[in-house]
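Undergrad: Shown below is the structure under consideration.
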Amino acid sequence: MSDHPSMKQRADKCAAAIKRHEEVRIVSHIDADGLTAAAIMCHALDRLGIEHGVRFVKQLGKNVLDEVADTNIPTIFTDLGSGMLSDMPRGMDVVIADHHQIDQNGNIEYHLNPHLFGIDGSTELSGSGCAYLLAQALSCPGLKSGDLADLAIVGAVGDLQARKFGKLVGCNREILKQGADRGVLNYKKDLSFFGKQTREVFKLLLYSSDPYLPGLTGNEGASIGFLRKAGIDAGGERWRRWIDLSEGEQQKVVSSLVQYCISKRMSSYHVHRLVTEVYTLCREQEGTEMRDASEYSTLLNATARYGFADVGLAVCLGDRDKKLAEAHDLLKDHRKNLVEGLKLVREKGITEMNHVQYFDAGSSIRDTIVGIVAGMSLTNSRNRNMPIFAFAESDDGLKVSARGTQGLIRKGLNLADAIGACAAKVGGTGGGHNIAAGATIPRGSKDEFLELLDTAVGEQLS
Ligand code: C5P
Ligand code: C5P
Ligand code: ZN
């Protein structure tokens, strides 16, 4: 990045390490950011003629690192690795392109991470963005500045890096600009709701969760009635999509929504979230998920978080046929699971301690999506003054997901620090970002862990 010569130098150094080899392995994370990061590396390595295999993991445990060490194939970790520096295999080339908080007890030579350069890895650069910088540094034949920026932005949006300011900032923005200059990306202010490319308009309101629309969210009749009152008709047997409305119609909906939200006494924070910057992938067909960075990232999450990372990766690498059809089926299930997950949380309720709130989903919500449900629950919660922790059963113990708010970060909250330290005390491991983090802890240690967390978060916020 132009503003960060030392990070550029580090990317060059990592790239040189990769170019020494004819074969490498990529290990990446099973979410939209991890998928796009891996896809960016695949694109670049293909162009360089470097053979590569990809492996996706839920989290980077010692078991995975032992296997990596055993194969002795030079390995590029994307969207993970920085939290496990002390356990990295020695005596072989390991490159890490990650944006998670860094394990301070370890050190590694080929390590590209925004935190090393004073850049915030939770808002200014994603895992896919790091992979993009590395791919640019690899200076592959035929790869121009801005190529692959679309995938990088899908990862950043998938990690909710645009949430803090309602738009991408920092290095993410530089990548966005490079993509726009190259003609692969477009950005503009628009209604923030999910599904503008693919869903019938009333469904944007019906399923809105960020912000939640009192009286409209979850109410089909009311959502349709609202649009009609704003002067928008279905326009056919099937309702039109957002992209089918004229600009004037879109403006009518936005101003009616703003008025509605104010009349419902929604906070200005929530009203402001109605309109945010949105990102369009210009090379993708209109009316498809891939055209919109947010819809694309959800489609990818629907694959990798359910054990079908190969499907998501194929879509990122250009499959618009069989694998895309599979991804669509997975997306339907993912949506259903999120709706059911949110319902479960509403029914079971959230328990408040002194400084944290939590729910335990048992085995009713998958460990790989419980963090998304926790985040959505917090967005809509009356109590946004405490971070939320969610528990779910997983193969290797009890999965914990944590989500906070920007307001709490300003007061000193750092979920990765808190969850990492408390998990270690009960024999687990964890990490992540200040605003979103996760851990796996031994079954049976939940109560002790919660007490530790309550104290740790209390100290951070005091
Ligand atoms: O592992 P990774 O960095 O890819 O995941 C980041 C996680 O943080 C995502 O699940 C994302 O949804 C979450 N996040 C959040 N709120 C933010 C920023 C990130 O919940 N403001
Ligand atoms: O799984 P979840 O979406 O809650 O993860 C939130 C963040 O915490 C992600 O960035 C993830 O990579 C990180 N995490 C971690 N170590 C774990 C579990 C999650 O660093 N054991
Ligand atoms: Zn990430």
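Undergrad: How about segment 243-277: which trypsin sites (Lys or Arg not before Pro) there lie in a loop by DSSP and see at most 14 other Cβ atoms within 10 Å?
TA: Passing both the DSSP loop test and the Cβ count: Lys264, Arg265.
Undergrad: Follow-up question, since we're still on this one. Report the normalised scattering of segment 313-462 as log10 I(q)/I(0) at q = 0.10, 0.11, 0.16, 0.20 Å⁻¹, calculated by the Debye formula with identical scatterers on the alpha carbons.
TA: -0.37, -0.44, -0.83, -1.16
Undergrad: Scanning the chain for GluC sites (Glu not before Pro) in DSSP loops with at most 16 other Cβ atoms within 10 Å, what's the longest stretch left with none?
TA: So the longest stretch without any such site is 287-462.
Undergrad: Between the DSSP loop rule and a limit of at most 14 other Cβ atoms within 10 Å, which chymotrypsin sites (Phe, Trp or Tyr not before Pro) in segment 128-212 are left?
TA: Those that pass, being in a loop and sparsely packed, are Phe165.
Undergrad: Measuring from the lowest to the highest alpha carbon on each principal axis, how far does segment 230-303 reach, largest first, in angstroms?
TA: Its Cα atoms span 38, 32, 21 Å along the three principal axes.
Undergrad: Continuing with this model, one more query. Mean projection of the alpha-carbon convex hull of the chain over all orientations, in nm²?
TA: The Cα convex hull of the chain, projected and averaged over all directions, gives 21.2 nm².
Undergrad: With Rg and the Kirkwood Rh both taken from Cα atoms, where does Rg over Rh land for segment 261-376?
TA: With Rh from the inverse mean 1/r over Cα pairs, Rg/Rh is 1.05.
Undergrad: Continuing with the same structure: Which whole-angstrom value gives the distance between the alpha carbon centres of segment 408-443 and segment 135-164?
TA: Centre-to-centre (Cα) distance: 28 Å.
Undergrad: Could you work out Rg/(2.2 N^0.38 Å) for segment 69-143, with Rg from alpha carbons only?
TA: Computed over Cα atoms of segment 69-143, the ratio equals 1.11.
Undergrad: On each of the three principal axes of the Cα atoms of segment 162-257, give max minus min coordinate, whole Å, ordered largest first.
TA: Principal-axis extents of segment 162-257 (Cα, largest first): 43, 27, 21 Å.
Undergrad: Could you compute the net charge surrounding Asn107? Neighbours are other residues with a C-beta less than 13 Å from the C-beta of Asn107; K and R count +1, D and E count -1.
TA: Net of charged neighbours comes to -2.
Undergrad: Another question, then. If R₀ is 45 angstrom, what is the calculated FRET efficiency for the pair Glu247 and Ala421, using the beta carbon separation as r and rounding to 0.05?
TA: That gives a FRET efficiency of 0.30.
Undergrad: Given the Cα atoms of segment 5-180, and with Rh set as the inverse mean 1/r over their pairs in the Kirkwood sense, what is Rg to Rh to two decimals?
TA: 0.93
Undergrad: Additional query: Restricting the count to DSSP beta bridges whose residues both fall in the chain, what percent are antiparallel, rounded to a multiple of 5?
TA: Approximately 55 percent, going by the DSSP bridge assignments.
Just so you know, all these numbers are worked out from the coordinates, no wet-lab data involved. All values derive from a computational prediction rather than experimental measurement. In this analysis, Cβ positions are derived from the backbone assuming ideal geometry, glycine residues included, and neighbour counts consider all displayed protein chains.
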